[in-house]
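Taken together, the values in this text are just the output of simple stated rules run on the coordinates, not laboratory data. All of these numbers come straight from a predicted model, not from anything done at the bench. Cβ sites come from the backbone with ideal geometry, for glycine too, and all protein chains shown count toward neighbours.
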């Protein structure tokens with residue numbers, strides 16, 4: 001995925017986050033554009049699933065490395081690295097959520113932000 005130079009900074013960042021997730025075969029990647037949602041906490045949520053503690057760590061590390069390498073940014077805040085059920089990398093305008101499938105279903109972020117424009121990323125075989 002080439003980062004498109006015509007995009008807003010938060011759009012570029014969301015694309016790089018997706019690339020980092022795809023590098024480690026994250027499943028069910030969803031990009032939620034929250035820019036038109038009143039009182040949204042970020043411009044984008046990028047959500048994915050991983051099936052094991054190891055995969056969640058690998059996805060988070062891949063996102064972190066890809067964003068650092070491509071855009072020279074580090075997360076402002078990071079959560080969930082200990083319990084490994086829901087990891088969060090907060091880049092302020094873009095928040096990456098990395099879930100185990102059961103926790104993702106339980107919290108249902110896609111349903112909480114119903115006004116968001118949602119894009120499902122096709123998985124590459």
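Please order 49, 14 by the number of other Cβ within 10 Å, starting at the fewest.
49, 14
Provide 33, 122, 115, 61 in ascending order of the number of other Cβ atoms located within 10 Å of each residue's Cβ, fewest first. Don't jump to the answer; show the numbers that get you there.
On the way: 33 18, 122 7, 115 10, 61 13.
In order of increasing Cβ crowding within 10 Å: 122, 115, 61, 33.
Once you've got the GNM for the chain with C-alpha springs shorter than 10 Å, pick whichever of 74, 51, 83 has the biggest mean-square fluctuation.
Maximum fluctuation in the GNM of the chain, among the listed residues, is at 83.
Classify the chain as rounded, prolate or oblate, taking a ≥ b ≥ c as the square roots of the eigenvalues of its Cα gyration tensor: rounded when a/c is under 1.5, otherwise prolate if a/b is larger than b/c and oblate if not.
Verdict is rounded for the chain.
Could you work out how much longer the chain between residue 6 and residue 41 gets when fully extended? Use 0.36 nm per residue separation minus the Cα distance between them, nm to one decimal. Working shown, then result.
Details: separation 35, 0.36 × 35 = 12.60 nm, distance 2.37 nm.
Gain on extension, residue 6 to residue 41, equals 10.2 nm.
Label points 7 Å out from Cα along the Cβ direction at residue 73 and residue 90: separation in nm?
With each label placed 7 Å out from Cα toward Cβ, I get 1.5 nm.
Work out, step by step, the length gained on full extension between residue 120 and residue 27: first 0.36 nm times the residue separation, then minus their alpha carbon distance; give nm to one decimal.
Numbers: separation 93, 0.36 × 93 = 33.48 nm, distance 1.04 nm.
Full extension of this stretch gives 32.4 nm more.
Between residue 107 and residue 82, what is the label-point separation in nm under the 7 Å Cα-to-beta-carbon projection?
1.6 nm
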